[in-house]
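Okay, so here's the structure we're looking at.
The values are calculated or read from the model by the stated rules, or taken from the named source; none is laboratory data. As the structure is a prediction and not an experimental result, all values here were calculated from the model. Cβ: placed from backbone, ideal geometry, glycine included. Neighbour counts: every protein chain shown. Surface areas here come from the heavy atoms of the whole protein model, side chains and all, with no ligands, DNA or RNA. Shrake-Rupley method; radii C 1.70, N 1.55, O 1.52, S 1.80 Å.
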Amino acid sequence: MIKLALFLHVIAGTVALLAGIVAMSSRKGAGAHRVAGTVFFISMLVMAVFADYLAVAIPEQIPNLFIGTFTIYLVATAWLTVRRKGPVGIAEKIALLVILCLCVPFAILSFQLATGLEPAFKSATPLEGPVRVAIYSFTFLVTMAAIGDIRLVRAGGITGVRRIGRHLWRMCLGLALAAGSAFTNGLPRLLPKTVHLPLIRLFIPQLSVLVLLIFWMIRVRFTGWYKDFAPN
């Protein structure tokens, strides 16, 4: 079962990367963008669900359970943002509950790492260097997502720039996580032991996605481009 889950996880992640590239490079709101976005959404869910299963089935992988669940949350809320119209419903309130629950383990782990305490969650990968920075980054992102959901529920809904921005940053961050999983985690395991790539090169794909995210957020925020997007 573990081998099958790993195989499906990799296949779904590969499809998600390809669909994400198409969605980001096609005209926003066009048919190609919508189809690619739907494929990306479904394949990301499949990838993250199997990631959660592997995190539970394989010893000392629990931190990956939180990251996989955060990925599901990101793409689900991004998809809901452009698919649902009208006031906040039960789906948005469930999403808020999920992200608040995720804040707890990330906050605990970050506090323990920052203070030198023994981590409550065991990890086969040492929580040092880039991994520690990643944990701090996830804690920050989870907190920002929770604040965004609290504001959404209190306001009863969002429109215009905020709606498109919410969709963009969550989808793009999901794509960045998929790229990170593929190139900084999966690729080094496939390469021969004699091949050593500089660490910065492995981060180029996900950093490229984050740069594009910044570009789109600036464009949406300051150009009024979102008025032509008008998602249904």
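Tally time: how many residues in region 88-117 are open to solvent by 60 Å² or more (accessible area, probe 1.4 Å) and within 20 Å of Glu128 (Cβ to Cβ)?
Total satisfying the criteria: 6.
Across region 74-87, what is the total count of residues that are surrounded by fewer than 21 Cβ atoms within 10 Å (Cβ to Cβ) and in a helix (DSSP H, G or I)?
The number of residues fulfilling the criteria is 4.
In the set Ser43, Ser25, which member is loosely packed, with under 15 Cβ neighbours inside 10 Å, out of contact with any Ser or Thr (no Cβ under 6 Å at 6 or more places or on another chain) and closer than 20 Å to Ala179 by Cβ?
After applying the criteria, what remains is Ser25.
Within the set of pairs 6+ apart or on separate chains, which have a first residue in region 210-221 that is without any contact (Cβ under 8 Å) to a residue 40 or more places away in the chain, a second that is aromatic (Phe, Trp, Tyr) and not in a helix (DSSP H, G or I), and C-beta atoms under 9 Å apart?
Arg219/Trp225
Could you please tell me which pairs satisfy a Cβ distance under 7 Å, a separation of 6+ or placement on different chains, a first residue in region 152-175 that is closer than 16 Å to Arg84 by Cβ, and a second residue that is of a type in the set (Ser, Thr, Tyr) and part of a helix (DSSP H, G or I)?
Hits for this filter: Gly160/Tyr226; Arg163/Thr81; Ile164/Tyr226; Arg166/Thr81; His167/Thr81; Arg170/Thr77.
Condition first: under 20 Å from the mean Cα position of the chain (by Cα) and either under 19 Å from Phe140 (Cβ atoms) or in a loop (DSSP other than H, G, I, E, B) (or both). Now tell me which residues in region 88-107 satisfy that.
Residues satisfying the conditions are Ala95, Leu96, Val98, Ile99, Leu100, Cys101, Leu102, Cys103, Val104, Pro105, Phe106, Ala107.
For region 113-135, state whether one or more residues are closer than 27 Å to Ile214 by Cβ, in a helix (DSSP H, G or I) and in contact with a His (Cβ under 7 Å, 6 or more places away or on another chain).
no
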